[in-house]
Amino acid sequence: MKTLLSGNEAIARGAYEAGVTVAAGYPGTPSTEILESAVQYKDVIYCEWSPNEKVAFEMAAAAACAGARSIVTMKHVGLNVAADPLMTLSYIGVEGGMVICVADDPGMHSSQNEQDTRNYARFAKIPVFEPADSQEAKDFVKIGIAVSETYKTPVILRSTTRISHSRSIVEFADRQENTRSIGLEKNPPRFVPIPIWGRVMRKKVEERLGRLGEAAAASPANRIEWKDRALGLVTSGIAYQYAREVWPEASILKLGFTYPFPDRLIREFEEGAKKILVIEELDDILEQHIKAMGIECVGREYVPGIGELSVPVLQKSRARLEGREESGIPAPKYLDRLPARPPVLCPGCPHRGIFSALGKHDVVVTGDIGCYSLGTFKPLDRMDIILCMGGGISMAHGLDKAGEKKKVVGIVGDSTFFHSGITGLLNIVYNKGCSTIIVVDNRTTAMTGHQEHPGTGMTLMGEETTAVSIEEIGKACGIERVHTLDPYNVQETQRIIKQELDSDTPSLIVSRAVCPLRARRKVGPIRRIDAERCRACGACLKLGCPAIDGSQKKPTINEYLCYGCGLCEQICPFHAITHTEETAR
């Protein structure tokens, strides 16, 4: 059977065909759909959204150590969170196959940085596979499971945004069941890396790396495509597709099993190619290694290491390589007529009420990773610094202890709070901080597509479970001042925020209102502006609501965009905004 699949869907299918029985992860674009696709096989694969990537990794690692086949999914920054267990699991190894599915994001389409996960593979001394299309995404999971079990090592599958979200034809195969009996063997020298046994493990890791290098050279995931030998391209992943299109006549060493480096295959390619150009996305890992082997090659001086590669980018690389003027692709004629579309909070977003209220105070706001990061932009302009998941809480405490003269407010989302916010909150109490922390709880992991989390009362498998209380966790951490508010209630929101900013003790505010996109319903009646009452004061425009059009002398409300949150009606000083009885369109 053949069908059209995205790379993420193909990875899930590969897990099914490889006999995987345990799959865990934390949602993060561009990796999210792997688990969302894997759950269709829930009759044979147990799937879960874990509170964070470290927990997911450790859960999947334990399953593999007991003989089960497992995958764990995350985006590139998620591997930072899971780096601690990754490094030690390399020493311990696994019994059943384990594939760590990591989706990099060259070009930072939905991420706060660019990272090249191949660095982690080299750091941890474990294999990495890089698919170039959906068929390879499926197949490399199966190859990865086989390599993992043969060499008793975890394996990384490195995807990228283009691989994860583009589609290509995939041919299905039957499931290969795992015949191992499941159970952790009692063998401390094998599974307990205290120094006396860890030193032995360390030597075995190096021995394993050497054997894996030979396996990479012989792997079907790597191949040489001989054509014109005047120029040989060394490439991997999605860059292969671009390179083949830009240099259809060139010979290519196409690497799918990229680490450990297949040195024997690289030398074979060098002997047949007169000149070698290395094309890789982000870091020059292959290029550095090839040069370290004493092989002359070029790469970074022609191929950029910042941002996402593409056919137009490599066309410029080819022009530079050949000493020609860079012509590039002309911009479409209509481009200058397209209206600007800056990112904004959705109409009816409950976070808007919080940012609007904070706008009345001269405070520093430490933010976090999620929809609410859009509160950075004007006219809300209420986010001052963002670092990483959970940093909204910890950085607030850091500014407080550094002597920041203004009051500090830390903002995180509900899923982020469970991911890595609890320890930061505990730290504020333990070290006598006085920050005001706001959890904007919209009852879902919204920015990555509305996934469940420990506070929603539902698992990825569709089973009802305990809905963990953010307020009770705050109290358990030692926060005495805990409040829950409705962000659509302007007066209540402003009162509670002012009250807590005036306090000299730490506090936790839970702003709770369901994401309208998740609920798929209007929040309330559609609003309209009475032109006769309106004085064009601009108060409603300060909300930054996409439904309010300020392009004319007096603002108007687009009835098809309005979600009926009522914030504009509550803040209008001239009572020019009223509501109709219509609640849906």
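The values are calculated or read from the model by the stated rules, or taken from the named source; none is laboratory data. These numbers come from a predicted model, not from an experiment. Here the Cβ positions follow ideal geometry from the backbone for every residue, glycine too, while neighbour counts run over all protein chains shown.
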Just wondering, is there one or more residues in the range 167-179 that are under 25 Å from M74 (Cβ atoms) and in a helix (DSSP H, G or I)? no
Candidates D116, D84, filtered to the one that is modelled with pLDDT of 95 or more, part of a loop (DSSP other than H, G, I, E, B) and of a type outside the set (G, A, S): D116
Check S31, S37 and return the single one that is closer than 24 Å to V147 by Cα, polar (S, T, N, Q) and assigned to a loop (DSSP other than H, G, I, E, B). S31
Among the residues in the range 338-360, are any within 30 Å of L233 (Cβ to Cβ), outside the structural domain of Q570 (by TED's automatic domain parsing) and hydroxyl-bearing (S, T, Y)? no
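Considering M447, M461, which residue is in contact with a helix residue (DSSP H, G or I) (Cβ under 8 Å, 6 or more places away or on another chain) and surrounded by fewer than 16 Cβ atoms within 10 Å (Cβ to Cβ)?
Numbers: M447 fails: surrounded by fewer than 16 Cβ atoms within 10 Å (Cβ to Cβ).
Answer to the check: M461.
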If I filter the range 388-432 down to residues being without any contact (Cβ under 8 Å) to a residue 12 or more places away in the chain and over 20 Å from K360 (Cβ atoms), which single residue comes out as surrounded by the fewest Cβ atoms within 10 Å (Cβ to Cβ)? G403
L508 vs (1) in a helix (DSSP H, G or I); (2) under 19 Å from V429 (Cβ atoms); (3) in contact with a Leu (Cβ under 9 Å, 6 or more places away or on another chain): all pass except (1)
Filtering the range 427-466 down to residues that are more than 22 Å from the chain's Cα centre (by Cα) and under 30 Å from C47 (Cα atoms) yields G457, G462, E463, E464, T465, T466
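What number of residues in the range 93-109 are assigned to a loop (DSSP other than H, G, I, E, B), small (G, A, S) and on the phi < 0 side of the Ramachandran plot?
2
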The residue that is farthest from A62 (Cα to Cα), considering only those in the range 12-28 that are outside any helix (DSSP H, G or I) and aliphatic (A, V, I, L, M), is A18
Select from the range 22-72 the residues that are among the small types (G, A, S) and either over 19 Å from G7 (Cα atoms) or assigned by TED's automatic domain parsing to the domain that holds D368 (or both) and list them in ascending order. S50, A56, A60, A61, A62, A63, A64, A66, G67, A68
Going residue by residue through the range 220-235, is there one that turns out to be in contact with a Ser or Thr (Cβ under 9 Å, 6 or more places away or on another chain), part of a strand (DSSP E or B) and either on the phi > 0 side of the Ramachandran plot or of a type in the set (F, W, Y) (or both)? no
Counted residues, the range 44-60 - those being among the aliphatic types (A, V, I, L, M), part of a helix (DSSP H, G or I) and surrounded by fewer than 24 Cβ atoms within 10 Å (Cβ to Cβ): 2
For the range 454-494, give me each residue that is closer than 23 Å to G433 by Cβ and part of a loop (DSSP other than H, G, I, E, B). S469, G478, I479, E480
Go through (1) in contact (Cβ under 8 Å) with a residue 12 or more places away in the chain; (2) assigned to a loop (DSSP other than H, G, I, E, B); (3) over 22 Å from I438 (Cα atoms) for C545 and report which single condition fails. (3)
Residue among R520, R527 that is without any contact (Cβ under 8 Å) to a residue 60 or more places away in the chain, of a type outside the set (A, V, I, L, M) and at positive phi: R520
Qualifying residues in the range 528-585 (those that are of a type in the set (S, T, N, Q) and within 21 Å of L517 (Cα to Cα)) - the one modelled with the lowest pLDDT: T583
Per the list (1) buried (at least 23 other Cβ atoms within 10 Å of the Cβ); (2) assigned to a helix (DSSP H, G or I); (3) under 22 Å from the mean Cα position of the chain (by Cα), residue check on R122 breaks on (1)
Failed item in (1) in contact (Cβ under 8 Å) with a residue 12 or more places away in the chain; (2) not assigned by TED's automatic domain parsing to the domain that holds I266, with K227 passing the rest: (2)
The range 261-309, residues that are buried (at least 16 other Cβ atoms within 10 Å of the Cβ), under 24 Å from the mean Cα position of the chain (by Cα) and without any contact (Cβ under 8 Å) to a residue 60 or more places away in the chain: E280, D284, G305
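Restricting to the range 29-43, and then to whatever is aliphatic (A, V, I, L, M) and surrounded by 24 or more Cβ atoms within 10 Å (Cβ to Cβ), can you tell me which residue is farthest from K138 (Cα to Cα)?
Looking at the filtered set, the residue picked out is L35.
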In the range 158-197, what count of residues is obtained for those that are surrounded by 14 or more Cβ atoms within 10 Å (Cβ to Cβ) and over 30 Å from A38 (Cα atoms)? 3
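Could you tell me whether the range 498-508 includes any residue that is buried (at least 24 other Cβ atoms within 10 Å of the Cβ) and not polar (S, T, N, Q)?
Among the residues of the range 498-508, at least one is buried (at least 24 other Cβ atoms within 10 Å of the Cβ) and not polar (S, T, N, Q), which makes the answer yes.
Listed here are the residues, each with its yes/no results for (1) of a type in the set (F, W, Y); (2) closer than 29 Å to P304 by Cβ.
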position: D116; (1), (2): no, yes
position: F123; (1), (2): yes, yes
position: Q135; (1), (2): no, yes
position: T161; (1), (2): no, yes
position: F172; (1), (2): yes, no
position: I182; (1), (2): no, no
Apart from one, (1) surrounded by 23 or more Cβ atoms within 10 Å (Cβ to Cβ); (2) assigned to a helix (DSSP H, G or I) all hold for M74; the odd one out is (2)
